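Notes follow the structure.
The values are calculated or read from the model by the stated rules, or taken from the named source; none is laboratory data. This structure is a prediction, so every number in the text was calculated from the model and none was measured. Because the Cβ atoms are built from the backbone with ideal geometry, glycine has one as well, and the counts that use them run over all protein chains shown. Note: areas computed on protein heavy atoms with side chains; ligands, DNA, RNA excluded. Shrake-Rupley method; radii C 1.70, N 1.55, O 1.52, S 1.80 Å.
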Amino acid sequence: MAFQMSQFFFVSIAVFLFFFLQNSFAIETTLEERHHLVQTSSLLPSSSCSSSTEGPNRKASLDVIHKHGPCSQLNSNGKANYVETHSDLLNHDKERINYIHSKLSSSSSSNNNNKMKEIELDSSSSSTNLPAKSGDLIGSGNYYVVLGLGTPKKDLSLAFDTGSDLTWTQCQPCATFCYNQTEEIFDPSKSTTYSNITCTSPDCTQLLSATGIKPGCSKSTQACIYGIQYGDRSFSVGYFSHEQLTITPTDTVDNFLFGCGQDNEGLFNGIAGLLGLGRDPISFVQQTSQKYDKTFSYCLPSTSSEVGHLTFGTTDKNEVSYTQSPTHSDGNSFYYLDIVGISVGGTQLPISSSLFSSGGAIIDSGTVITWLPPTVYASLRDSFKEGMSKYPNASAFSILDTCYDLSGTEVVSIPKVNFLLGGGVTVELVGSGILYVVSLKQVCLAFAANGADSDLTIFGNVQQRTLEVVYDVGGGRIGFGSNGCE
């Protein structure tokens, strides 16, 4: 009898352990499915650049570099040593989205009622009118690439922006003004492939749709004069021209239309200009449609101490899921998304998809954080707080109202945030795509609320980190894949 009791006891213990371990495994699996376990130290950029040479071979690809990280050369020569603080960056972001909202609103569909500022390149040029409008820079972005311009080519650091169309750079002789930039300013007189565009050329007339500003004309040379202005009155004015653009040593674009800036003023901070990746006919995407089939992709790195990529042409990245990009007839060049819902910690938020469709949604490389309808943001924030309840709160920072002190935490459990898109596509954000890190004592939810539920939702670049984002412009779709920077 004693033997039987002992046998029964050990069997019972074995059964108990089996079910205990099974349930423990289930709990751990559920936690992994609902949360990211992230080393807090990995949320901060390194003091040195950690560029990787590994990864797929991409033919027409450029390194993507954060302007203020250790991989950036923009501040290396002392010519441009301004570095934005976190507060500056977020304040600029707020003004950028205000500018985008105003640009898309019916009340701001025309700039004709704005006070006009006249800018002349020289006495022989007709003036180019630029609207004086409040707001902040819409064209600088946070990331840049290096392209070659001219023959022989000169390497230039250009911010790339999916919300802009015109590509431009500062040019000698800087007839009116050039701000400080890192590289030597481009001199068209030293290039054998440079040529101005005339005022009567059809190319000149395309400027109005791309910039919203009627082009000017040089009275003496009949050269076409462009003008483009951003939200804070930063602007560039110069000659609309043709030039050879070098993507890689073996990949060039002849007769590329670009702005050769003679009067450039504003918060451009070291970059030589801007690469426009919008949908207008003069954008890089449309000008190179025969070469790259209206397709480009990029990956923004997880921190500013790492390097991503901007690739032109069909991606070789596997497991990219595509969602159709809604078309709009409002004349802007933004890329729209069909967002139907958001899940936090594995549970879909109890919100209607109409909250996204009423105002529309775009994906934007130049906006930092994601801006949501207030009703959506409140639901996301409350659900996120529940998943972060074990971590001490920190004070709000700038426009970010949900922050935590993770300075005493080695590994943080972050509720997963997934965006649900049309066509059944789910975009899972990585840990660094959910949080904005001011310091480990102040780690904040990287989302903010718009002024009204009817305002445009903007999917920002923090949320895009490490994703392979593919723009199939010809096919009218946008793709998302994981681990895009590898």
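I'd like the GluC sites (Glu not before Pro) in region 360-451 restricted to DSSP loop residues with at most 13 other Cβ atoms within 10 Å, sorted by number.
Numbers: sites: Glu386, Glu410, Glu428; in loops: Glu410.
The qualifying sites are Glu410.
Test of the criteria: in region 216-325, which GluC sites (Glu not before Pro) are in a DSSP loop and have at most 12 other Cβ atoms within 10 angstrom of their Cβ?
Details: sites: Glu243, Glu265, Glu306, Glu319; in loops: Glu306, Glu319.
When the GluC sites (Glu not before Pro) of region 216-325 are filtered for loop state and at most 12 Cβ neighbours within 10 Å, Glu319 remain.
Quantify, in whole percent, the carbon and sulfur part of the accessible surface of region 340-486 (1.4 Å probe; protein heavy atoms only).
Values: 2160 of 4720 Å².
C and S fraction of accessible area: 46 percent.
Quick one: length gained pulling Ser439 to Asp63 fully straight, 0.36 nm per residue minus the C-alpha distance? Walk me through the numbers before you get to the answer.
Numbers: separation 376, 0.36 × 376 = 135.36 nm, distance 2.66 nm.
That works out to 132.7 nm of additional length.
Along Cα→Cβ, 7 Å out, is where each label goes; now give me the distance between the ones at Cys49 and Ser209 in nm to one decimal.
Here the answer is 3.9 nm between the modelled labels.
Between the alpha-carbon centers of region 379-426 and region 224-301, tell me the distance in whole angstrom.
Each part reduced to its Cα centre gives a spacing of 37 Å.
Give the calculated FRET efficiency between Ser454 and Phe177 to the nearest 0.05, with a Förster radius of 35 Å applied to their Cβ-Cβ distance. Could you put the intermediate results ahead of the total?
Numbers: r = 40 Å, r/R0 = 1.14.
The formula returns an efficiency of 0.30 here.
Please give the FRET efficiency for Glu184 paired with Thr221, using the beta carbon to beta carbon distance and R0 = 25 Å, rounded to the nearest 0.05.
Working: r = 25 Å, r/R0 = 1.00.
For R0 = 25 Å, the calculated efficiency reads 0.50.
Trypsin sites (Lys or Arg not before Pro) within region 360-446: which are DSSP loop residues with at most 15 other Cβ atoms inside 10 Å? Present the calculation step by step, with values, prior to reporting the outcome.
Numbers: sites: Arg381, Lys385, Lys390, Lys416, Lys441; in loops: Lys390, Lys416, Lys441.
Hits after loop and neighbour filter: Lys390, Lys441.
Once you have the Cα-Cα distance between Asp405 and Gln39, take 0.36 nm times their residue separation minus that, and quote the gain in nm to one decimal.
Extra length available between Asp405 and Gln39 comes to 130.3 nm.
Extending each Cα 7 Å along its Cβ direction at Arg477 and Glu84, get the distance between those two points in nm, one decimal.
3.3
Below 10 angstrom from the Cβ of Ile369, what's the summed charge of the other residues (Lys, Arg +1; Asp, Glu -1)? Display every interim value, and only then the final one.
On the way: positive: Lys94; negative: Asp93.
With Lys, Arg at +1 and Asp, Glu at -1, the net is 0.
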